[in-house]
Amino acid sequence: MTRALLPLLTLTLIASAGAQQAKELRLGVFPNVTHAAGLVGVQRGLIQKSLPDGVKLVVKEFANGSQINEAFAAGAIDAAYVGPGPAMNAFMRGVPIQVYAGAANAGAVLVARGDSGVRTVKNLSGKKVAVPTRGSTQDISLRHLLHENGLKATDEGGTVTIVPIDPANMPAAFAAKQVDAALVQEPWGAVMETQGAKLIVNEKGIWEGGNYTTTVLTVNTKYGAANPEAVKGLLRGHLAAINYIKGSNAGAQKSIAEQIYAFTGKRPNTNELFKALARTRVTWDINLKTLAEYAQLNKEAGFARDVPDLNRFVNLDLIRSLAK
């Protein structure tokens, strides 16, 4: 009888182990307004409240998409808010991630130091322009802007030097005259305007009239398969944060300022955050048409040899069902 029960007991234990829920969800977030849903969701506890009992939210701050990709590849995070450019490139390199929701559209601007002499994109010839990191969404957008204006980056045989600098450090780089301009996510564009920088191209002029995805919410597919309820909770918290931002601009500003300060020790003021949020559309939806066009820009910029299969890269089924 004991021998007969042993196989059944073994199968039961294996099934229980396979169904065991992770004890934490490690989430990556940037200190940018384009990550407002993540910042508000974390600061107000909306994501933690939406996770299943026994699952702790562990928040990890990152400065750029390259760091996020390294963390995903190393298995150090389970989900992250990140730009579509780095996410696409990681996906095409075989990193097990999938986009489960959008997070923000637009929210990036081109600004130049007031004394740089730059007043148009064409004036960038011979200048140094900062972007968050090589291959970032802003890097790709900048190269596209340059091409539209008959210019190229120096690594493409042109005259514009592209310099990677973490967004939160760009105001200091401007003050030290290390660069002449920057294509950067908010609120750092607004912060640099406060310091005397000139707005060269607003969020609508960067690309597609502002109807382009700047930030997506990605999940490690292995974590997602093993922990569907945790992922569902993450998306519920994501939606709750988006709804809060849409319903309370002042409350959103406060939460964003607090979380950016917690990450960087720098606190954007009310005017900067008001301007930054006005230039950013926080949304869970993704315009797949513009995402496909963006994938072509990514290829055009030389960061990928091909474009991803969007049907495998993006899965909005769950967020759509939760948003009803």
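The values are calculated or read from the model by the stated rules, or taken from the named source; none is laboratory data. Not measured: the values here are computed from a predicted model. Every residue, glycine as well, gets a Cβ built from its backbone with ideal geometry; the counts of neighbours run over all protein chains shown. With ligands, DNA and RNA removed, areas are computed over all heavy atoms of the protein, side chains included. Shrake-Rupley method; radii C 1.70, N 1.55, O 1.52, S 1.80 Å.
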| request: Sort out which residues of the range 289-301 are within 19 Å of ARG134 (Cα to Cα) and more than 16 Å from the chain's Cα centre (by Cα), and write them in order of number. | output: GLN296, LEU297, LYS299, GLU300, ALA301
| query | So is ALA71 modelled with pLDDT under 95 and outside any strand (DSSP E or B) or not? | reply | no
| Out of ASN243, ASN211, which single residue is within 18 Å of the chain's Cα centre (by Cα), open to solvent by 50 Å² or more (accessible area, probe 1.4 Å) and over 21 Å from ALA63 (Cα atoms)? | ASN211
| Looking at this structure, is ARG281 open to solvent by 70 Å² or more (accessible area, probe 1.4 Å) and closer than 15 Å to GLY83 by Cα? | yes
| said: Based on this model, can you work out whether ALA304 counts as open to solvent by less than 40 Å² (accessible area, probe 1.4 Å), of a type in the set (A, V, I, L, M), at pLDDT below 95 and under 19 Å from the mean Cα position of the chain (by Cα)? | reply: yes
| Scan of the range 21-59 for residues that are more than 26 Å from LYS246 (Cβ to Cβ) and either of a type in the set (Ser, Thr, Tyr) or in a strand (DSSP E or B) (or both), ordered by number | GLU24, ARG26, LYS56, VAL58
| Residue selected from the range 89-111 under the condition in contact with a helix residue (DSSP H, G or I) (Cβ under 6 Å, 6 or more places away or on another chain) and not in a strand (DSSP E or B), by the criterion surrounded by the most Cβ atoms within 10 Å (Cβ to Cβ) | GLY107
| query | Which one is farthest from ARG134 (Cα to Cα) among residues in the range 308-319 that are touching a residue at least 24 places away in the same chain (Cβ under 8 Å) and of a type in the set (A, V, I, L, M)? | reply | LEU318
| said: Out of everything in the range 60-88 that is out of contact with any helix residue (DSSP H, G or I) (no Cβ under 6 Å at 6 or more places or on another chain) and open to solvent by 30 Å² or more (accessible area, probe 1.4 Å), what residue ends up being farthest from GLN178 (Cα to Cα)? | reply: GLY75
| field | Qualifying residues in the range 222-236 (those that are touching a residue at least 24 places away in the same chain (Cβ under 8 Å) and surrounded by fewer than 16 Cβ atoms within 10 Å (Cβ to Cβ)) - the one nearest to the chain's Cα centre (by Cα) | value | LYS222
| field | Subset of the range 163-204 [touching a residue at least 12 places away in the same chain (Cβ under 8 Å), of a type in the set (Gly, Ala, Ser) and either outside any helix (DSSP H, G or I) or open to solvent by less than 20 Å² (accessible area, probe 1.4 Å) (or both)] | value | ALA168, ALA173, ALA181, ALA182, GLY189, ALA190, GLY196, ALA197
| Conditions (1) within 22 Å of GLY107 (Cβ to Cβ); (2) aliphatic (A, V, I, L, M); (3) touching a residue at least 60 places away in the same chain (Cβ under 8 Å): number failed by LEU322 | (1)
| Going by the structure shown, is THR133 within 18 Å of ALA301 (Cα to Cα) and either surrounded by fewer than 21 Cβ atoms within 10 Å (Cβ to Cβ) or within 24 Å of the chain's Cα centre (by Cα) (or both)? | yes
| task | From (1) over 18 Å from ARG279 (Cα atoms); (2) touching an Asp or Glu at 6+ places or on another chain (Cβ under 9 Å), pick out the condition that doesn't hold for LEU183. | result | (1)
| remark: Conditions (1) out of contact with any Asp or Glu (no Cβ under 9 Å at 6 or more places or on another chain); (2) closer than 19 Å to THR34 by Cα -> THR280 fails only (1)
| note | If we ask which residues in the range 45-59 are surrounded by fewer than 21 Cβ atoms within 10 Å (Cβ to Cβ) and touching a residue at least 40 places away in the same chain (Cβ under 8 Å), their number turns out to be 4
| task | State which residue is farthest from GLY302 (Cα to Cα) when the search covers only the range 112-130 and only residues that are assigned to a strand (DSSP E or B) and touching a Ser or Thr at 6+ places or on another chain (Cβ under 8 Å). | result | LYS128
